[in-house]
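Read through the structure below, which is laid out as structure tokens, and then see the notes.
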Amino acid sequence: MGTTVTHAPAMEDLPKGKGSEPRHGPVGSPRPAALKRRRRRENLAGYLFMSPWIAGFLLLTAGPMIASLYFAFTDYNLFDAPQWIGLDNFSEMFGDPRWRHSVQVTLWYVAVGTPLKLLAALGVALLLAQSRRGQAFYRAAFYAPSLIGASVSVAIVWKAIFSDDAVVDRTQKIFGIDVGGWTGDPDMIIYSLVALTVWQFGAPMVIFLAGLKQVPRELYEAAEVDGAGKMRRFWNITLPMISPVLFFNVLLETIHSFQIFSSAYIVGGGAGSNACGPADGSMVYTCYLYVQGFENSRMGLASAMAWLLLIAVALVTAVLFWSQKRWVHYEEGAR
């Protein structure tokens with residue numbers, strides 16, 4: 001008895017027409033109108049999540065910046081309506097000897113404090129890059145001052161340490177150095193601020209340490225085989241390989257140095273005629289800006305000083321970016 005096998009008709013043998021389509025309609029991409037509505041809903045949700053930041057930026061950053069730009073060309077004392085005076089604030093600023101002194105103090109602080117801080121950070125990072133017992137503890141201990149160094153309480157303690165007959169003064173007398181406390185000396189108070197900023201080398205140290213970990217060990221081994229000493233390996237291998245990290249730290253710390261305020265204001269005195277140190281010894285730019293704006297109620301002049309500082313920092317940043325082409329070495333295609 002034979003068996004009859006019946007084959008199902010092939011898809012191409014089925015009749016083509018409206019009945020051959022799937023039950024739920026033809027399969028295809030969504031309509032453009034539906035896509036637009038979905039994208040609009042997604043964008044709306046994104047803007048809703050971003051709205052607190054946008055509101056904060058407009059009200060607390062962009063708005064005050066635009067207002068200060070207007071105040072820079074006015075005579076404004078926080079109480080009366082601002083009066084337009086054009087470039088008079090800038091003319092008065094350039095002719096003010098205390099303003100020129102604040103510029104000199106700030107440039108000296110940036111030129112001395114920033115390199116010393118970076119040297120300390122790089123030196124400690126080189127030590128911590130080597131495997132040793134208790135390495136995690138040392139990293140945390142050296143990093144901790146950068147977390148608390150900018151606080152008001154640390155500035156108060158720092159002022160007490162460097163005042164007359166305090167720890168630093170007594171230590172100096174042991175070695176026969178009798179110059180008194182640093183915070184009371186117009187010539188020495190700026191050095192206490194430099195010491196404070198160098199003490200806060202933890203943040204750039206961590207960045208240097210991360211860069212040192214990326215240097216291939218094979219380069220040091222090959223150089224050692226060729227007879228290169230430690231200094232030669234450091235100069236020809238370490239520095240070029242971490243030059244992008246070095247550039248980042250130089251840029252960041254330079255900007256931070258221009259913005260120093262709280263430590264200079266508190267160590268210098270904090271109020272009155274000695275708000276920026278005895279005989280203006282610690283009168284950095286931002287300290288004099290604060291005195292003009294809030295103690296002398298010259299908000300128009302202070303706004304002009306603030307915008308000039310912004311322009312100066314932008315120019316310094318542009319110069320640093322221009323100079324990196326000569327000494328910063330990137331990997332192929334990383335620039």
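Below are the figures for this structure:
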quantity	calculated
Filtered residue count, the range 67-115, keeping only those that are closer than 30 Å to residue 188 by Cβ and assigned to a helix (DSSP H, G or I)	21
Failed item in (1) open to solvent by 40 Å² or more (accessible area, probe 1.4 Å); (2) touching a residue at least 40 places away in the same chain (Cβ under 8 Å); (3) under 15 Å from residue 99 (Cβ atoms), with residue 255 passing the rest	(3)
Helices (runs of 4 or more DSSP H) wholly inside the range 246-335 that include at least 3 residues being in contact with a Gly (Cβ under 8 Å, 6 or more places away or on another chain)	262-268, 299-327
Test result for residue 152, buried (at least 19 other Cβ atoms within 10 Å of the Cβ), under 30 Å from residue 308 (Cα atoms) and of a type in the set (A, V, I, L, M, F, W, C)	no
Filtered residue count, the range 169-199, keeping only those that are open to solvent by 30 Å² or more (accessible area, probe 1.4 Å) and either assigned to a helix (DSSP H, G or I) or not aliphatic (A, V, I, L, M) (or both)	16
In the range 35-79, the residues that are acidic (Asp, Glu) and farther than 30 Å from residue 298 by Cβ	42
Within the range 200-215, considering residues that are among the small types (Gly, Ala, Ser) and crowded, with 16+ Cβ neighbours inside 10 Å, the one farthest from the chain's Cα centre (by Cα)	211
Qualifying residue in the range 123-136 (condition: open to solvent by less than 70 Å² (accessible area, probe 1.4 Å), under 27 Å from residue 268 (Cα atoms), in a helix (DSSP H, G or I) and among the aliphatic types (A, V, I, L, M))	no
Some residue of the range 112-122 being open to solvent by 90 Å² or more (accessible area, probe 1.4 Å) and either modelled with pLDDT under 90 or touching a Leu at 6+ places or on another chain (Cβ under 7 Å) (or both)	no
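For every residue, the table says whether it meets (1) under 19 Å from residue 155 (Cα atoms); (2) surrounded by 15 or more Cβ atoms within 10 Å (Cβ to Cβ); (3) touching a residue at least 40 places away in the same chain (Cβ under 8 Å).
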{"residue": "245", "(1), (2), (3)": "no, yes, no"}
{"residue": "248", "(1), (2), (3)": "no, yes, yes"}
{"residue": "266", "(1), (2), (3)": "yes, yes, yes"}
{"residue": "278", "(1), (2), (3)": "yes, yes, yes"}
{"residue": "288", "(1), (2), (3)": "yes, yes, yes"}
{"residue": "291", "(1), (2), (3)": "yes, yes, no"}
{"residue": "295", "(1), (2), (3)": "no, no, no"}
{"residue": "299", "(1), (2), (3)": "no, yes, yes"}
{"residue": "304", "(1), (2), (3)": "no, yes, yes"}
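The values are calculated or read from the model by the stated rules, or taken from the named source; none is laboratory data. Model, not experiment: these values are computed from the prediction. Quick reminder, even Gly has a Cβ in these numbers, built from the backbone with ideal geometry, and neighbours come from all protein chains shown. Areas reflect the complete protein model, heavy atoms only, side chains present, ligands, DNA and RNA absent. Shrake-Rupley method; radii C 1.70, N 1.55, O 1.52, S 1.80 Å.
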